[in-house]
Every structure is written in C-alpha cells, then in structure tokens.
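Right, one structure below, let's go through it.
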Amino acid sequence: MSRTDRFHSDAEVQWCPGCPNFGILTALKKALSELNQSPRDLCLVSGIGQAAKLPHYLACNFFNGLHGRAIPTALGIQAANPQLTTIVTTGEGDCYGEGGNHLLHALRRNPDLTVLVHNNEIYALTKGQASPTTPVGEVRGLHPQGLDLTPLNFPAIAVLHDAALVARGFAADPEQLKTLLVEAITTPGLALVEVIQPCISWNPHPIAWYRERIRPVPADHDPADKVAALRLLDSPEGRYTVGLLYRGRPRPTYGDRFRSAHGRHPLAELAPPPTAVVDQLLDAFKRS
Amino acid sequence: MMDCNIVIAGAAGEGVQTVGEVLADTLSALGYAVFSWQEYESRVRGGQNSVAIRVSEAPVNAPVLEADVLLPLNSGAYQKYVSRLNPGGVLLAAEGYRDPTLVVPFREIATEEVGLAIAANTVAIGALAGVLGIDPEALERVLDRHFQNKGPELIEANRRAARLGHERAASACRLADACPWSFPARDQRYYLTAGTEAIPIGAVRAGCRFIAAYPMSPATGVIKYLAKHGEQLGIFVDQAEDEIAACNMAIGASFAGSRAMTCTSGGGFALMVEAISLAGMTETPLVVLLAQRPGPATGLPTRTAQGDLLFAVHAGHGEFPKAVLAPSGPKEALHAMVRAFNLADRFQVPVIVLSDQFLSDARFSVTDFELDKAVPESFPADPAAVSRYQRYALTPDGISPRLYPGQSEHLVAADSDEHDPDGHITEDLAVMVPAMVAKRRRKGEALQRAMRAPEAYRSEDADELFLSWGSTRGAVREAVDGLRAEGRRLGMIHFSELWPLPEFDWPTGKRLWNVENNAGGQLSSLLARRYRLSVHGSILAGDGLPLTARTIRRIYNEQN
C-alpha cells in the first residue's frame, strides 16, 4: 500500500473529469502522508460547493456542513478537540463570499487551522456565476453586461491581520502545493492556502493560459516582511504569484489560555462537574 | 398570608436596580420569599424604569404591577407609576408630590448630614427599610457586603446614610400611622435567583463544555455568567462574530463530542435557523436557549413576550425531529437545561429551550433546586462494539450509534447533504433517500414518546381550564386561586414541554381557555393541530409586560 493509499475513499467522485481539483486532492493526500498523519486524527470541514466535496474523497473524519459555515464549525471542532488536525476545504465562494465574515474573525482568533481555498474565480456548482474573485468585466450568468464589482484580495487581508501563514499554490502543480500544505499544516495558528484552480467548465481560459501567467514568489522575497508581502499581493502580477507569501509573527492561538488550564484533552473526556460544584454555584444566591 | 409589593422607579443610571437589589437581598437574608422583577427601556441613561419586589412568607413567584409601597426617584417616575399605587399604599419620596407622601429628602440628607451626595440612594434604601419595619442592622450587613470593595470610609458613610434614612422614614410613618409592615427575621433561607443565572448553572450541571453566542438581550446574561465562571469549570466560551457562527460553532463542538450550546433572542435565532436544520440533518445534538422578547424585527429589546413558540417549533427548513421546552422559573429552567442536553444527546437532535425577558431577569425564591432530580445522562456508543462504523446506520428507532472523531479508529462523517449510512452524499431516490427520511421520522416518533405530559393544577373538579406554557405559570396559578376564591371552578393545564407534544388524556367536558403572553394564541394553534382541541376563549396580552394574575382575571371576567 502506498502512503497516499492510506487515505483512499470508495466514495464516487462528483467532479468533472480532468478538474484541477484532482490535483489539490493529490497534493493534500501527499502532504498528509508526508506528515505521517493518520486518518483517525484528521478532521476535514467543508461547506458547499465543488471544493467542499473534497472530504468525501479521502479517508478521514469530516463534517460537510452549510454553505459558508465551515470555519465556525471547524472552530467548534478545534475547541472541543485540539488533538485533531483540522483542515477547512473550501472554495472562494464558500469562504470569501457566503462565509467571508467568519474568515475575517478567524483571523482575530488565530485558530490552529489550515484553510485551503480552491479559487476558481467562479461559482462552478451553480453553473458559472461571478464569485468574489471574478475579474472585472467578465460576462457572467447574473452579469450579462459584464461584472462591475472588484475582486476581493483575501490573501492580502490575511497578511494585514497577521495570519500565521499565507501561501498560494497552483492546482496543476501538486508537488509544490504539497510542500505549501505541509508548511501550513505544521504551522501553529491560521494558515490560509489559496489555490489557483482553473474551472475547466466555466472559466474563460484554458489551464495553459494560467500556466503562462503563474510566477513563483521572487527569490529575494522575505515571508516575514509584511509590507513586502502586501506590496506583492497588491501588484498586477500578484494575482498569479505562487509560493509562501507570508509568515506571521508567532502569537497565541485560539483556546491557548483554556488549554493551559485544562490540557489538550478532548472536552468529551471531561465528566460533568460533581454535585458539590453546582451546589456551590447555587449557594451564591442564598443571602445572609 | 402577608403579601407586599414594593415598586422603585427612576431613570436608567439613577440607581433603581441597586436600590431594588439591596432591598431584595435584605428581605431574602431575613428569611422571606422575595420575587423581584424589573422592566426597563432600551437605553443606558434616562427613560423611566422600575423594579418591583414582592415579598411573602412562602414563594409566590408571580408578578404584580400594583404597589403597596412606591418609591419614585424623580418626578417623571412619580407621574408614570403613581397610578399603580394601591389604595392605602405608601408613597415614599424626596418631595411631597401629593398628600399623603412620606417625605424623606434623600439628597439633602446625603449632602448635608452624610457629606456624600452619591449616598442619596442609600438614604432611600434606608428609608424603604424604615417604612417596611426592617431591622436596620439586617440592612447594614447587606450594605456592607455591597460596598465591601469601596474602602472603610465609604462603607461607614453608607451605613450612616442608611441609618438616617431609616430614622427619618420610621418617624414619618409613626406620625402618619401609615406603615403596618414588619419583617422580623425568620428561620428560612431561599435561593434568590434569576433565570439568567439558573440557566447557565443548569448547563454546567448538564456537563455542557462549550458555548458560543453573540450578545443579544435578554439572552446575554447566560453567556455572561459562563464567561465569568465557565473557564474555571472547564467550559470553553466564545463570543461569536454573529449568531450564524455561534450556532455552527456549537454544532462543530458537539460533532467533536462535547456537550455544546448557544443562546440568543428571536432576531439572532432567525439567523440560526439554517444551522438548526443542519443539526437535524447531521443528527448532531444541539441545545439552543431562545430568550424571547417582543418582535417582529427589533421589537422591544428589553421587554418580555411569548411570541416565538411557533417560530421555535417550526424553525428549520425541511422535516426533522426537534424538541422545544419552556421552563416556568429558575428551578424548572435548571432542570430543563439538563433535560435539553439529555434529550439532544439521546435522540441526536436540536433542542430549543424557550425563556423570555421576564424569566431571564426576574429573581425568584427557590426552596430547593433538587439537583438529585436533574441528572446528566449521555448515550455514547462503544467503539469496541462496532466492527464497521456507520454514522447514520439504519436502526429500528432511527437512532444511530454516535462516536466522535479521534475517539477511535472509526472514522466519523457528517453531511448536510442527503447521505448514505456512511455519511456520503447520495441521490439514490429509490432506496437510500426514502430510508433516511424514514429513519429521521422514526427518531421523531421515539422522541415524542419521551416527552412529558403537562402539569395539571386543581383540574380534577374544575369546570374550566386555563391552558398555559412557560414563564406565565406563577401568574396563571395565582389567577386560578383568585378565581376559585370568587367561586369559579377553575384549574390549569401547564405545558413545559411543547414539542413534540406527547400523548395526553384530555379531560372532557371542560371549558378551555388559552392564557398566553402573545397576541395570536400560539399554544392554542399547536393544541388544535395535535389534539384537535378548540378553546372556548383566549386570554392574551402581548404588551411587553409580564402577564399578571390580575390581568388574567380581568380579561377572564370581561368574557364571562
């Protein structure tokens, strides 16, 4: 059995044949294998969309919940059991659109999560409407005159708010994406990994078009330099820059204070408090 | 039986709550059953608010609007509340609004005799104690505790303020021969608790380990209590960015094996509704405390209502089992929280506990919480007993063995899509989809069999029954007793578990009245649906104030 086979799932894959999502799945399996991750300690959390189906396609614990709500669900899972490796697999519609508020506030909490965003610049499952990252001017299902909304730059937002790690990969380059995912999963705190994932059904450009434009992070880029990371992400070529963009200063992660008092056990292992404790809480309401 | 209602009224920020709290604590410490409730405007300063303190020898735990003693802290409060003063009641004020008024110039005494202007309220508290014949030393003990962090000088100044107020009011009482009350110390102690305290303590008792919520009156107190005490007790507390996040966070924590809850009011609950449906579909236990306030929309943020019963019962798209409970007071609320977690765990469903602003904020006297009858029960599966784990295994009662991720080698998968027993997406309309629909229905039937019948009070020989639910119980019982004294043969059937409604042997040949603090008669529509009952008449309010026995009796008598 090859190491990636440990994650084999029998579920029927519902993606289009040839979808770059397969490259993301491969990269994730390889990263998890390299980290010697066991499926029992892995929990994938997703919302709705094509990316959100990913947890079905590898052996793991998973919660495939509501559109846009993977991050809060993952926060609850992580609060309840920090021993799990928790990964959010999501698309930009799910995570930057419907659930954008949750990603913003996750940046404040700094949970030990990897948020893997398949960015295909389109709503694929609902057949090609504009997403929060669709370029201005594209003609889309609900924008027959051309899109007149500007795209969101969430990697830049994540840098601004000191995400633990911000990286971008290319779905057609699973080897590099694997390396970025290994970094992301092993970094404590919130790691945002955006993946350029051209949609072969609804995007206007073929994969080759993207391949021509993809460029690596400049060799002299210092991921610890926040201003440089912001400048890079704000530049015209920033949209197609792949690699490790930013590594934030270490800071406390979600639940650290709680864990320092109560340990890293799953909350499920704690028995209800003894009656005496409840009696004591109630006694505060007896006056003397 | 002695029954005295003291109303303190004034602007927000003027100290109404503090005066009320100290007086309630003093009477409780003397061994009396105190019931206090407050009504306030949705503002931090100004407006006119009131606290009512009803004191008796045994718990009544029902509100009355009318005052035996009224203390207005300003002239606006006097004008707003004077009509509530009972004939023969005592008006205590800093100036002579009308004759007779017991005049105690709080501010002048504080400034000139104590030398501390901010002690005016303590003068007022002392004066109230004087009117009520309360031993000044009993008041002093409570005041000392109240000011214990303020230093010895302030403690002494407040003692002096209280003594002066007490002396002045007591002598005014003697001159006017107006104050018949006295409260000698009794050998009895009640818990004096609000729902907003008993509910989180119930969650602690139940073994809740996670709460996420977004602040919203009148539910905020629940997460506030747990934010203060929870971390020490091993409860993970998170203030979510919105109610959608809060509910999904609780679902995530519960999926990962922790007992988890959220709390909110109607508007926030509206945002949670999709997640309620998610809990139903993924069969994740979830407890939601829904503290009602009048809607629609923002409504009256600081007032009370029973307007969300049907909303709670119907919350969530699609069809799935859920339970709705509605406790009537703090003791029942503590028990209801334990019950809610137990039901959620056993049937793997969302459970909604309905309280309201009245139950949240009013302080009730409780003799004994009977914790031995509020016992957490959980229903975990044994990973060792499972060979091939299926989260949604089809079983006779629809309840599948529940494991959590990381617990064992067994992988746990939950899906909001229609799914197969393994938790994978299915569109097998011929076999799998109907099997899952039927599974959830079987679970709902099992849940219905577990629900508790309503409480019957004086119903055996009754010709007429009041049908009620939730926090109006005390007022309805009091109305039944009052109307019995008038010769009416009335009884009460009171629901604390509202959905799914259990089998119930309805007595026949009685005139039925639904009594609810809403305008639409929501309980009566549920009963019509479930039992094909029709009511003879409705006693409904829905004006933002708690329902009182006097209001119930008035509306009843108007219809007879």
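Residue by residue along B:413-422, Cβ atoms of other protein chains within 10 Å of the local Cβ number 5 on average. Below 10 angstrom from the Cβ of residue B:356, what's the summed charge of the other residues (Lys, Arg +1; Asp, Glu -1)? So the environment of residue B:356 carries a net charge of 0. Just the Cα atoms of segment A:3-261, one point each, no solvent: what log10 I(q)/I(0) does Debye give at q = 0.08, 0.09, 0.14 Å⁻¹? Result of the Debye calculation: -0.28, -0.36, -0.90.
Using a 10 Å cut-off around each Cβ of peptide A:269-282, what is the average number of partner chain Cβ atoms that fall inside? Show your work: numbers first, answer last.
Numbers: counts 4, 7, 4, 13, 8, 0, 5, 1, 5, 10, 4, 0, 9, 12.
That average works out to 6.
Projecting the Cα positions of B:408, B:295, B:392 onto the charge dipole of segment B:272-414 (unit charges on Cβ atoms of Lys, Arg, Asp and Glu, taken about the Cα centre) puts B:295 furthest along the positive direction. Within a straight-line Cα-Cα reach of under 12 Å, residue B:331 can be paired with the following aspartates and glutamates, leaving aside sequence neighbours fewer than 8 residues apart in one chain: B:197, B:368, B:370. Loop-located trypsin sites (Lys or Arg not before Pro) in segment B:365-436 (DSSP state other than H, G, I, E, B) with a sparse environment of at most 12 neighbouring Cβ atoms within 10 Å: B:388.
Any idea what the dipole of the protein assembly as shown comes to, in debye rounded to 20, about its Cα centre with Lys/Arg Cβ at +1 and Asp/Glu Cβ at -1? Can you show the working numbers first?
Working: 81 positive and 93 negative charges, 50 e Å.
Approximately 240 debye in magnitude.
Largest GNM mean-square fluctuation across A:106, A:268, A:51, computed for chain A with C-alpha springs under 10 Å, falls on A:268. Residues within the reach of a label modelled at residue A:224 (point 7 angstrom out along Cα to beta-carbon, backbone nitrogen below 18 Å), restricted to segment A:242-274, are A:244-252.
Counting only residues at least eight positions apart within a chain, or on another chain, the lysines with an alpha carbon under 18 Å from that of residue B:443 are B:322. Give me log10 I(q)/I(0) at q = 0.08, 0.16, 0.19 Å⁻¹ for segment B:193-373, Debye formula, one equal scatterer per alpha-carbon, no solvent. One equal scatterer on each Cα of segment B:193-373 leads to -0.20, -0.85, -1.25. Rounded, prolate or oblate: pick one for segment A:28-124, where a ≥ b ≥ c are the square roots of the eigenvalues of its C-alpha gyration tensor, a/c under 1.5 means rounded, and failing that, prolate if a/b is larger than b/c, else oblate. Oblate is the answer for segment A:28-124, as a/c is 1.5 or above yet b/c matches or exceeds a/b. Counting only Cβ charges, +1 for Lys and Arg and -1 for Asp and Glu, the dipole size of chain A around its Cα centre is about 460 debye. Mean per-residue shielding of peptide B:238-248 is 6, counting Cβ atoms of other chains within 10 Å of each Cβ. The aspartates and glutamates whose alpha-carbon is closer than 13 Å to the alpha-carbon of residue A:178, local same-chain residues fewer than 8 away aside, are A:34, A:194. As a ratio to 2.2 N^0.38 Å, the alpha-carbon radius of gyration for segment B:157-242 is 1.80. Between A:16, A:179, A:137, the Cα set farthest toward the positive side of the dipole of segment A:3-261 (charges on each charged residue's Cβ, about the Cα centre) is that of A:179. Which residue, A:218, A:250, A:272, has the most motion in a Gaussian network model of chain A that connects Cα atoms within less than 10 Å? For chain A, modelled as a Gaussian network with Cα springs under 10 Å, the answer is A:272.
When the helices in chain B are scored as -39500 (n - 2.57) per DSSP H run of 4 or longer and the sum is shared across all residues, what 222 nm value do you end up with, to the nearest 500 deg cm²/dmol?
Calculated mean residue ellipticity at 222 nm is -11500 deg cm²/dmol.
Relative protection proxy for B:1-11, B:336-346, from highest mean packing down: B:336-346, B:1-11 (other beta-carbon atoms within 10 angstrom).
Per the Kirkwood treatment, what hydrodynamic radius in Å, one decimal, follows for the protein assembly as shown from the mean inverse distance over all distinct Cα pairs? Provide the component values of the computation, followed by the final result.
Values: mean 1/r = 0.0339 Å⁻¹.
Answer for the protein assembly as shown: a Kirkwood hydrodynamic radius of 29.5 Å.
Relative to the longest principal axis of the Cα atoms of chain B, the long axis of helix B:195-206 makes an angle of roughly 40 degrees.
Can you list the cysteines of chain B that have no other Cys Cβ under 4.7 Å away? Cysteines of chain B left without a disulfide-compatible partner: B:4, B:208, B:247, B:263. Rounded to the nearest 10 degrees, the inclination of helix B:266-282 to the longest alpha-carbon principal axis of chain B is 30 degrees. Just to be sure I follow the definition: excluding the sites themselves, where is the longest run in chain A that has none of the trypsin sites (Lys or Arg not before Pro) in a DSSP loop with at most 15 other Cβ atoms within 10 Å? Counting at most 15 other Cβ atoms within 10 Å as exposed, the longest clean stretch of chain A is A:128-263. Solvent-free Debye calculation, one equal scatterer per alpha-carbon of segment B:343-440: log10 I(q)/I(0) at 0.17 Å⁻¹ equals -0.86.
Rounded to the nearest 5, the antiparallel percentage of DSSP beta bridges internal to the protein assembly as shown is 30%. Quick check: Cα centre of segment B:180-226 to Cα centre of segment B:409-440, how many Å? Each part's Cα centre sits 41 Å from the other's.
In whole Å, what three semi-axes, largest first, describe the equivalent ellipsoid of segment B:390-439 built from its Cα gyration tensor (square root of 5 times each eigenvalue)?
Details: eigenvalues 82, 33, 10 Å².
Largest first, segment B:390-439 gives 20, 13, 7 Å.
In plain terms, if you count all Cα to Cα distances in segment B:311-400 and split them into 10 Å steps from zero, the share in each step is 14, 35, 29, 16, 6, 0 percent.
Angle of helix B:330-347 to the longest C-alpha principal axis of chain B, folded into 0 to 90 degrees and rounded to 10: 10°. Within the listed set A:269, A:138, A:175, the Gaussian network model of chain A (springs between alpha-carbon atoms below 10 Å) gives the highest mean-square fluctuation for A:269. The share of alpha-carbon pairs in chain B lying farther apart than 35 Å comes to 42%. Its convex hull of Cα atoms gives segment B:455-558 a direction-averaged projected area, equal to a quarter of the hull surface, of 6.1 nm².
Given the options B:539, B:526, B:506, identify the residue whose Cα lies farthest towards the positive end of the charge dipole of segment B:455-558 (+1 on Cβ of Lys, Arg; -1 on Cβ of Asp, Glu). Result: B:539.
With Kirkwood's inverse mean 1/r over C-alpha pairs for Rh, give me the Rg to Rh ratio of segment B:3-176, two decimals please. That ratio equals 0.94. In order along segment B:11-26, phi translates into HN-Hα couplings of 6, 4, x, 8, x, 3, 5, 5, 4, x, 5, 5, 5, 4, 4, 5 Hz, rounded to whole numbers, per the Karplus curve 6.51 cos²θ - 1.76 cosθ + 1.60 with θ = phi - 60° and x for Gly and Pro. For segment B:21-91, run through the trypsin sites (Lys or Arg not before Pro) and keep only the ones in DSSP coil with at most 14 other Cβ atoms within 10 Å of their Cβ. Counting only loop positions with at most 14 other Cβ atoms within 10 Å, the trypsin sites (Lys or Arg not before Pro) in segment B:21-91 are B:43, B:45.
Laboratory data are not the source of any read-out in this text; all were calculated from the coordinates shown. Note that this is a predicted model, so its numbers are computed, not measured. Neighbour counts are summed over all protein chains in view; Cβ atoms, including those assigned to glycine, are modelled from backbone coordinates with ideal geometry.
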